[in-house]
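Some notes on the structure that comes next.
The values are calculated or read from the model by the stated rules, or taken from the named source; none is laboratory data. If you're wondering where the values come from, they're calculated on a predicted model, not measured in any experiment. Neighbour counts are summed over all protein chains in view; Cβ atoms, including those assigned to glycine, are modelled from backbone coordinates with ideal geometry.
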Amino acid sequence: MIASSAATKPPISRYVQSDACVRLPYAYTGQSGVLGWSGLLPTMVITDPEFQWLRHWVREQLGIHLSEQKRELVVGRLQALLREQGFASFHAYCHALQQDTSGHALNELVNRITTNYTYFYREPAHFEFLWREVFPPLTRILRQQNNRDLRLWSAGCSTGEEAYLLAMLQMDYLGAEYPQWRAGVLATDISQPVLEWAKAGIYSAEHLERLPDGLRRKYFQPQPDCQTFRVHPSVRDQVVFRRLNLMNPRFPFRKPFQVIFCRNVMIYFDEATRRGLLSRLHQCLEPGGYLFIGHAESLGRQRDDFEYILPAVYRRR
Ligand SMILES: C[S@@+](CC[C@H](N)C(=O)[O-])C[C@H]1O[C@@H](n2cnc3c(N)ncnc32)[C@H](O)[C@@H]1O
């Protein structure tokens, strides 16, 4: 599924500081797009060279592989952006993308083409495994070491459901002991609008549908509109949301994580991009630390740096 429409998102600040742009090793030299006509609005037509350049650019910047089959969908979404921003053609837009050094253009593009679909308790076996098989030995070992540092990362967190659930589980698992731990969850995404949504922590009943009742009652406050629910401040305080492009060659963490959730993000990457990201995730995991990926994803063949544990669950060797 492609990103939900911007109209359903809460208001956002459009321009934010972004990661530095990666420059492509070649220049955009496409031909000018032609104006077609569909219904009442002029349709901007993308030429083959323009689409190929855009594909390459998106892959370099975001790791996202836009297949030929996605062409119509992507062009449809970008047309709205071009109109809003006053570009007369894809030719002009591609030039502007290439010239932009502020990262704003990349931000705008990301918001149109990324897939942000998620909900609370997606792929529940992962959370059950975390509770049953990861937390008990991990917290026992940390206690033995007199270490109270529990580090979880939700990479590609979208609108925050996964990250908040991880925080709730941590809090429930540690119970009264929780305040004595340096716990909490780091949640990152490339898209600023989804991060703003996540920070607000307000969700419709539909987003919470699959969450066990106990968690819903304990950690959500019904809002005055009677249709939405807000994550309790005690949980919101435990999640730090940051913008991070997983394509960055290095990640800015001082300490490795014991658990990384990077689910349903790599599915849009090609094999080489996936391999590079997995190596960087490996470096950010403690030896013996767990990596959770989406059930539709795989680590690929010949990876002896991760041990397979369960479908979509791996352990750093
Ligand atoms: C489908 S959502 C996954 C949400 C959640 N992890 C889950 O499994 O339900 C994928 C998220 O990955 C983010 N994403 C895509 N490319 C990215 C990149 N290069 N760096 C960081 N985040 C990226 C998107 O913005 C989107 O919010």
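Couple of notes before you dig in:
- Inspection of the range 202-216 finds no residue satisfying the criterion of being under 30 Å from Ile141 (Cβ atoms), of a type outside the set (Asp, Glu), within 13 Å of the chain's Cα centre (by Cα) and buried (at least 21 other Cβ atoms within 10 Å of the Cβ).
- Failed condition for Met168, given (1) touching a residue at least 60 places away in the same chain (Cβ under 8 Å); (2) more than 18 Å from Tyr203 (Cα to Cα): (2)
- Selected residue (only one of Gly36, Gly30 is modelled with pLDDT under 90, more than 23 Å from the chain's Cα centre (by Cα) and surrounded by 19 or more Cβ atoms within 10 Å (Cβ to Cβ)): Gly30
The rows are residues; the columns are (1) more than 13 Å from the ligand (Cβ to nearest atom); (2) touching a residue at least 60 places away in the same chain (Cβ under 8 Å); (3) of a type outside the set (S, T, N, Q).
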residue: Val239; (1), (2), (3): yes, yes, yes
residue: Phe269; (1), (2), (3): no, yes, yes
residue: Thr273; (1), (2), (3): no, yes, no
residue: Leu277; (1), (2), (3): no, yes, yes
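- Flag: Cys226 matches the condition of being more than 22 Å from Asn111 (Cβ to Cβ) and away from the ligand (no atom under 15 Å from the Cβ).
- Applying the set (1) surrounded by fewer than 22 Cβ atoms within 10 Å (Cβ to Cβ); (2) within 15 Å of the ligand (Cβ to nearest atom) to Ala187 leaves exactly one unmet item: (1).
- Residue within the range 159-168 that is more than 13 Å from the ligand (Cβ to nearest atom) and in contact with a helix residue (DSSP H, G or I) (Cβ under 6 Å, 6 or more places away or on another chain) present: yes
- Screening Leu130 on (1) within 11 Å of the ligand (Cβ to nearest atom); (2) assigned by TED's automatic domain parsing to the domain that holds Leu310 shows it passes everything except condition (1).
- Only one of the numbered conditions (1) of a type in the set (A, V, I, L, M, F, W, C); (2) surrounded by 22 or more Cβ atoms within 10 Å (Cβ to Cβ); (3) without any contact (Cβ under 8 Å) to a residue 12 or more places away in the chain is not met by Leu142, and that is (2).
- Here Tyr93 clears all of (1) within 28 Å of Phe253 (Cβ to Cβ); (2) among the hydroxyl-bearing types (Ser, Thr, Tyr); (3) away from the ligand (no atom under 16 Å from the Cβ) except the condition numbered (1).
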